[in-house]
1. Tell me which of SER73, MET245, GLY544 sits at the most positive position along the dipole axis of the chain, charges placed on C-beta atoms (Lys, Arg +1; Asp, Glu -1).
2. Expressed in nm², what is the orientationally averaged projection area of the convex hull enclosing the Cα positions of region 312-427?
3. Computed FRET efficiency, Cβ-Cβ of ASP553 and VAL142, R0 51 Å: what is it to the nearest 0.05?
4. Roll a 1.4 angstrom probe over the protein heavy atoms and tell me the percent of accessible area of the chain that is carbon or sulfur.
5. For region 414-475, what log10 I(q)/I(0) values come out of the Debye formula at q = 0.15, 0.19, 0.24 1/Å, with one point per alpha carbon and no solvent?
6. By the 4.7 Å beta carbon criterion, which cysteine residues of the chain come out unpaired?
7. Give me the accessible area of PHE34, 1.4 Å probe, in Å² rounded to the nearest 10.
8. Please express the Cα-Cα pair-distance distribution P(r) of region 72-197 as a list of whole percents, one per 10 Å bin, running from 0 to the bin with the greatest distance.
Amino acid sequence: MKRVILPLVQATLFNTIVFLISISPARAQPVIGFATFVSGLSSTVDITHAGDASGRMFIVEQGGRIRIHNGTSLLPTAFLDISTIITAGGESGLLSLAFHPNYEVNRYFFVYYTNLSGDITIARYQAQAGNPNLADAASGVVLITVPKPFSNHNGGDLNFGPDGYLYFGTGDGGSGGDPNNYAQTGTSLLGKMIRIDIDGTAVPPYYTIPPDNPYISDPLVDDRIWALGLRNPWRWSFDRATNDMWIADVGQGAWEEVNFRAAGTTGGINYGWRCYEGTAPYNTTGCLPAPNYISPIFQYPHDFATGGFSITGGFVYRGTEFPVLQGYYICADYVSGNAWLIRPDGLGGWITRRQAGASNISGFGEAENGTLYAVSLGGTIYRVTVTSVLPVSLVSFYGTKQTGYNEIRWNTADEQNINRYVIEYSVDGSNWVTAGEQVAVNQPGGHSYSFNHYTSQTVKLFYRLRIEETASGLSFSQVISINGKAGAIRVFPTIVKNNSIQVSADRPVTRIDIMDNNGALVFSKHTGGQQGYFTINLPVLSHGLYWAKLQTDSGYEVVKLLIE
């Protein structure tokens, strides 16, 4: 069935403002499982393929060995063993592996480890010409060494981007709270995403700096830096289908987070640590206001029930075995065992679903055909599967402003195994408070629900449903908003595909400004007090996140836009 998303609709009827979201009932909800692929390894932290059509999977053991599974069995001899030149244990060791995009020709691969001094080290090796299952240990050369004051927070993941450059994410140097503020210090490589060109030079340091790196002309920031403000990006990835970047950043004491950057968006951005942990202020001394930093698209609290304590980033599933899983980003918590499926909601936001995961997941990795694997520090590699598909229960969700309260309504279809619906509200769309709950009827064919939220607030409120299942699964609805007074302004669609947006305004709009995610003005139009329903044609803009600011005589409204 073709997915149809209706725009937000606003109507003023006897001082009643209605916002309606129609949710496609055709999108099924996959339940993932973890099937043992191979076990008996030692402290496994990463798994990847060589891109050489061999079907082999390369498994990284924290102690310093890289093992090969040839599709049938685990080979007895390690592909590479560098255990004598690394520091292992805790958060240290051999942490990641990435193969050159042209590996079939040049046989180069790159590793991320902590050396005998505990420093982050990026090194290049080459496979033997006469034996593809063995690396040449003597071929190793060090590209970058990053000294660290503490043993923890090493980051530990490197990947080639769609541009052919090598990216790697570093931790903030360790201890707790980033005591040296390295993540916000431009002259330090700690707490950063780094981007280098490993082609074109055969002499030390065996890399150059891409000419379009964002801080080339900034004397206060190292030219190799792509982004700042990370705490401990233990696992991150590129979506092989869209080239979007997903970064899971391990939190301090309260929040774990997932960050997202759409393909085509530039570097030169700041993810906010140590100023902010997730969206919560942490140490804002010398920091800018929160809108100057990139906020996570998803965060979860430190608890065993609904969250965890150490996030392990994953991948967007692009395999062919489970079509229902296509487009879901999958991550997990190392401590609690919870796992999450995240996907766009079609309106510029995100839908998340919590499920039971597996113990001590320390990494994820893709096979060349898109099969997704999860790695346990206990030495087991799992293949991520779909065990069942739950029927979509939510088909509409909307709110109506009444005198003294907001009426929330939703309709379900094929509802089963739902425990309750928790109605949550927020004044900023980020921090949520429970307004009440409704016990699920679980009626075949669906049911209609309503809830009255009595409030005297006159500001715009955001609402969502937390859908709790009897099997401990958890998912969230899309977010709707209800203005506290008449005269609201809406913009749709928020995912822009044809260089135009529609505006529905109950009060005159005098000007519209479009800004990119760094705050730079890219388009401005004086509308002369236009009111009602009208269209704004935009210039051709690069793919990415933008903000529309609609100016009125009494203030302004800001709306997030995603240009596709």
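1. Selected residue: GLY544.
2. 9.6
3. Given R0 = 51 Å and the Cβ-Cβ separation, E is 0.25.
4. C and S fraction of accessible area: 51 percent.
5. With no solvent term, the Cα-only Debye profile gives -0.51, -0.75, -1.01.
6. By the Cβ distance rule, which asks for a partner under 4.7 Å, the isolated cysteines are CYS331.
7. The accessible area of PHE34 comes to roughly 40 Å².
8. 13, 41, 32, 12, 2
The values are calculated or read from the model by the stated rules, or taken from the named source; none is laboratory data. In this text the structure is predicted, and so the values were computed from the model without any measurement. Methodologically, a virtual Cβ is constructed for each residue, glycine included, from the backbone with ideal geometry; neighbour enumeration extends over all protein chains shown. Ligands, DNA and RNA are excluded from the accessible area calculation, which covers all protein heavy atoms including side chains. Shrake-Rupley method; radii C 1.70, N 1.55, O 1.52, S 1.80 Å.
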